[in-house]
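Comments concern the structure below.
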Amino acid sequence: MDENIENAINPETSINEDNQNIIFKCEFEEEPVNQYKYAEIYYGRIISIHNHFMPLDKFKRLFRTDREEDFIDILPAELASGFEAHVGDYIFYDDSGTLKIRRPVYPDTVDGAKLQKLDELKSNRDSEEINIITVNGYDFDYDDKARERINAAIIALDVLDATSGTVNTIEWTLADNSSVEVNANFLRLVVAKIAERSSELHVKYRNLKNQIIDIENNTELSDAEKITQINNINW
């Protein structure tokens, strides 16, 4: 058994109404240590990376099982590849059957520098879009799975509210595994905060993309100067 789970006090597990998402709640004598690193894969591409304290089989039980995405332990691939995985990288098996990471290779041209920088900026944008969001002092997970659970909970609570004529609440597990009672409007506030953050991130990306295009189209710069200036743009 994982040592973090062994240190847990009064562990609880429960299955929600669709019998798919497992809610794991417990109190720890000490903060759990993130000793695993998992990459979510979609058609061979890494779409999210998670540091966690749960072994892979338990970690997967937090999510729906009827999705095309899957999770792998990415640490062995990082060791075999010699570099850290990023969102946007691809995974593959080499001739010896070893899982490795492949990063897109770009030509040493202005267009190559532009494409590489745009991929880097998209990766930063996409990574920040699934970061934990703080609402009224509470930290909520908000990756693809959390979004589905929140939307489902809002629908369910709306039905309960309409049926009972009262405002109903459910116990929601937060990012730190503590919990809070929330109603449908509170969850809508979480979604609104996420939408606001997402808009800001996309505006930031577009502004940086426009900077890159301006550099690319600047006839007063040499190709070498364009490549240098594009490479110096940071998120």
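The values are calculated or read from the model by the stated rules, or taken from the named source; none is laboratory data. Source: prediction; values computed, not measured. Cβ atoms come from the backbone with ideal geometry, glycine included; neighbour counts cover every protein chain shown.
Side notes on the structure shown:
- The residues on offer are ALA224, ALA162, ALA175, ALA195, and the sole one that is surrounded by fewer than 16 Cβ atoms within 10 Å (Cβ to Cβ), in a helix (DSSP H, G or I), on the phi < 0 side of the Ramachandran plot and within 20 Å of the chain's Cα centre (by Cα) is ALA195.
- Scope the range 134-156; condition charged (D, E, K, R) and assigned to a strand (DSSP E or B); matching residues: ASP139
- Options ARG149, ARG197: the member that is over 29 Å from LEU115 (Cβ atoms) and touching a residue at least 24 places away in the same chain (Cβ under 8 Å): ARG149
- Any chance GLU78 is farther than 25 Å from TRP172 by Cβ and at pLDDT 85 or above: yes
- Extreme residue, farthest from VAL191 (Cα to Cα), among residues of the range 136-150 that are modelled with pLDDT of 90 or more and surrounded by fewer than 19 Cβ atoms within 10 Å (Cβ to Cβ): GLY137
- All positions within the range 83-102 that are surrounded by fewer than 16 Cβ atoms within 10 Å (Cβ to Cβ) and within 19 Å of TRP235 (Cα to Cα): GLU84
- Among the residues listed as TYR138, TYR205, the single one being over 29 Å from TYR106 (Cα atoms) and either of a type in the set (Ser, Thr, Tyr) or free of Cβ contacts under 8 Å to residues at least 24 places away in the same chain (or both): TYR138
- Checked across the range 193-206, the condition of being within 27 Å of LEU62 (Cβ to Cβ), touching a strand residue (DSSP E or B) at 6+ places or on another chain (Cβ under 7 Å), hydrophobic (A, V, I, L, M, F, W, C) and modelled with pLDDT under 95 holds for at least one residue.
- Qualifying positions in the range 118-134 - surrounded by fewer than 17 Cβ atoms within 10 Å (Cβ to Cβ) and over 26 Å from GLN211 (Cα atoms): ILE132, THR134
- Checking each residue in the range 103-115 for being surrounded by fewer than 13 Cβ atoms within 10 Å (Cβ to Cβ) and over 18 Å from ALA224 (Cα atoms) picks out PRO104, VAL105.
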